[in-house]
Every structure is written in structure tokens, then in C-alpha cells.
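Since the structure comes first, as C-alpha cells, the remarks are kept for the end.
Since every read-out is calculated from the coordinates, none of them should be taken as a lab result. Fair warning: this is a prediction, and the values are worked out from it, not measured in the lab. Counting neighbours? That spans all protein chains shown, and the Cβs are built from the backbone with ideal geometry, glycine included.
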Amino acid sequence: MSDERIVKLTERQRECLRLVLKHYTSKEMARELGVGVDAIDQRLKGAMKKLGVASRLEAARILATHEGLNGDVELVPIAPSALPPRAAKSVVGSRLNALKRLPPRTWRGRFVAAACLAGIAFGAVGMGAPLDLYLRDRHVAAHHHPVSDEIVSVEIDAASVRALGATPWPRRYIAGIIRRLDQMGATKIVCWVPLASRMDAAEDRALAQQIQSMGARVALVVDTTGDVAGGTPLLPLPEFRSRAALFHNGVISTLWTDRRVPYVLDIGGRSYPSGSSELAGVDTRGGQAWWARIAGLRLRSFPIDYSIDARTVPMISAVDLLRGAVPRAAISGKTISLVPSYRAPANRRPIPGIGEGRDAQIIVLAAETLLQGVPTEVPWTITFLPAILLVTVCGWLRRPIVTAGVVSAAIATLLLLPSLLFPQKIYIDVAPALFLIMLVGATFAIVFLLRRRSLDRPAKAG
């Protein structure tokens, strides 16, 4: 038989003839190759016509003889170096094509297992956090709602510094602000101004008397700035903190934005609640989401809900308060957050949904989060487990079009899920699951396209 006829056979025709030599029926070949029975018959008819024979078995034996095999013996791989250069390409294509027919326990199964491990590592080191935060932040502006109006922020702002001088202010000004707020009917004053150092003795005594007269209605900050993991805090002076409540000012930032607030910080053998809980009047020492309580877990922090519109936070300048320019109704019955926010732009932060905002606004947003309900966070592991099951199923699927459909539907679902759950205050992380599904789907697609390109190219004599 002339080699010219044999080299006209496509790889798809060759693989069918090799299966004929193994006594496969057309139905068995269709099942093995993932195509229809009609497609198998058409390939075999084309091969018989090119070889000029009347039976598929005769055509298979001619191919086996050409490839150096006996028609009654199982085929073995042919080294590409033993064939002419162009014929060697067809053998490489055949081997690539064979990948699709291997069961999941071989290349597909092993690749899926490796991809799952890569996805676990991706999620464990937090590489998906930027994408999850982006998906969360893009829904903030569409779901803005106002604050409860129970908390008012009194700022020692740039206007106050211009009017009363540079900071740190004399303690008489701080005492005057606290006295004025008490006279106007503030229910509680949460003071974020550090009071850890001594200044004028007489003014320190006057401030201490004012704080002691209000007792636990005044809360003073334990400065842990930049050290939310614990360490040596800057405590208020003993005379200031003797009767006042104490709180920490720790915050956890991600991507240049304050994202989370620790419920409690254990420092120096004592636990300090967050300033947010003091403002909200909520005990967060055992603060846990419902699913954490069921699982027996103790959460260490809570996310700030930026769907609360920071622009609706009531803001009052300290100098206006001292000058009597603030109506009593703006203070009476309110909880006051006394914040030193004069170091602009150092005390400005990105706020999702509105651009840039002040530290004083973020402080109130954290407290409002506790008042209005802490969002439930669904960790990435919850969506990653179904993703593992899905890619395992994809490893078993024979038809590429079905695999592509399953992968596309899964990606669309994961991208839509944060949008659907955000209005219910459910934050779900999907980035590691997306990474796994896209990695497996893209790899399967590339292998399929390369294999198809190889099979569609007929071998030519070198």
C-alpha cells in the first residue's frame, strides 16, 4: 500500500481505526471519544475510501502495518523520532488528543487536585481579598442609607485650631467642651483626645474634677494606634481614668481603608472594649455573629458597614460649641464623639461609595454598624467547597460544550452572588472559588483547542 494514501488520513480517522483493531464497535468508540455514532461511521467511511478498501477491519490492519504493528497486537506508542518530521507532529497531536480520553484519575483528576491545592493557598494567604473588597464596595453607593442620628461628632478641626491655637490644647479647653456638652444634655461623651501626659497642674485638676463628676458617662481612649495586636498602651492619667470608662482605638485597615474594628483588645492583662461599642452603648465583649455562636467560634472583630452614608453623620466644630453657636437640640439626648481631626490630610481616609472622608465619620460609621446590625460575613471556604465539587464534575464530563456551559454558569453565579446578598447585609467572599473555576475551565479549554487543531490537520508525507 502506498504511503501517499495513508498519510492523507486525519488523526480522527486514525484513532477510530486503532480502536477498530481493538474490536470496538461504533457505539463503544462514540462513548470513548465523546462523539456521536454517526460521526464515527463517517470517519471510518472516509478512511476506507482513502485507503481503497471495503471493510473497516482491513483499513485498520493496513494502518497498523504502516505503523509497524501487527494487526492482532495491541498498539504501543510510536516515538516521534522514529517518524518523518511532519508525521511526528501528528503523533504529538494524537498524544494530546488522548488526554481527553483519560479518566479523572489520570491527567484531569491530577490537574483538578493540583488546582484545588492552588486555590486553597490562594485563599489562605488572602490573595482574593482585593477582589472581594472591590465586589463589595461597588454595591455600597447603590445601597446608601442615613445614620440613626443618635450619635453626634464634635471635632477639634482646623477651624478650631485656627481660632484657639495649635494643639495639644490647654486642658481648660477640653474641660470646657465636656462641661458644655454636659450642660446641653449629652447622655454620654466618648473622648478620643489622648490624655496620657501631664500639662498645667491646675488645669489637669479641673479636667479631672469635671470627668469624675460625670463618672461612667465619660469614656476615655486607651491609645493603641498602630498596635491593634497588643503592646504597651498609652493610658489616661490616673486622676482622669479613676471613674471614667476606658476603650481602645484600634482599627484594622486593608487597601488604605479602615475596614474592621476589634471587638476587644487584651492589653496588659486587661480587656478594653472598642470606642464603637461605647458610642453605640453595646456590649461587644462577647460580640459574635449568629453562625459563629452556632459553630462555637469567638470573632475578634467586625466589619464597618460603609453602606451607611458617611455624609449624613452630624458634625459640629469644637470652637462653635465653645462659643455657644450650637443649639441645645443638636446635643440633648445624644451620644457625643469628641474627636481630634485637625491633622488634615493625615486624618482623612478613603470611604467606599463617597471617595474621601474624615476619621470622625469612620468612627461614627463603626458605631452605627453596631446599632443598625453587624453584617454577616461568609468566609471564602463556604463558596470554595462547592467549587471543588463543580471542577471535579467538570473533570468527568466528556463533551467540551457541556464543560464550558457549566463553568460559565458557575462564574456568572459567583459574580452575581455578592450583589444579591449585599442588601441583606451578608458579605460573601468568592474570589478563591472564582480562581479555582477559572483556572480549571481555562486549562480544559486550551487543551481542547490544541487537540482539535491537531486533529483537524491531515498528516502529509515528508
Net dipole in debye of segment 146-374 [+1 Lys, Arg Cβ; -1 Asp, Glu Cβ; about Cα centre; nearest 20]: 280
Peptide ranges 435-445, 264-274 listed from the most packed, as the mean C-beta count within 10 angstrom indicates: 435-445, 264-274
Protection proxy ranking, peptides 196-209, 419-432, average beta carbon neighbours within 10 Å, highest first: 419-432, 196-209
Highest average packing first - 114-123, 212-221, Cβ atoms within 10 Å: 212-221, 114-123
Set of aspartates and glutamates near K45 by C-alpha distance (under 16 Å), chain-local residues within fewer than 8 positions excluded: E11, E15, E58
Globularity ratio of segment 123-218, using Cα Rg and 2.2 N^0.38 Å: 1.60
Positive minus negative residues near H145 (Lys, Arg vs Asp, Glu; Cβ under 15 Å): -3
Local net charge near I331, Cβ-Cβ under 13 Å (Lys/Arg +1, Asp/Glu -1): +1
Cβ-defined net charge surrounding Q210, 12 Å radius [Lys, Arg +1; Asp, Glu -1]: +3
Convex hull of Cα atoms in segment 3-76, direction-averaged projection (nm²): 4.4
Binned Cα-Cα distance frequencies in segment 146-374 - 10 Å width, integer %: 8, 33, 39, 17, 3, 0
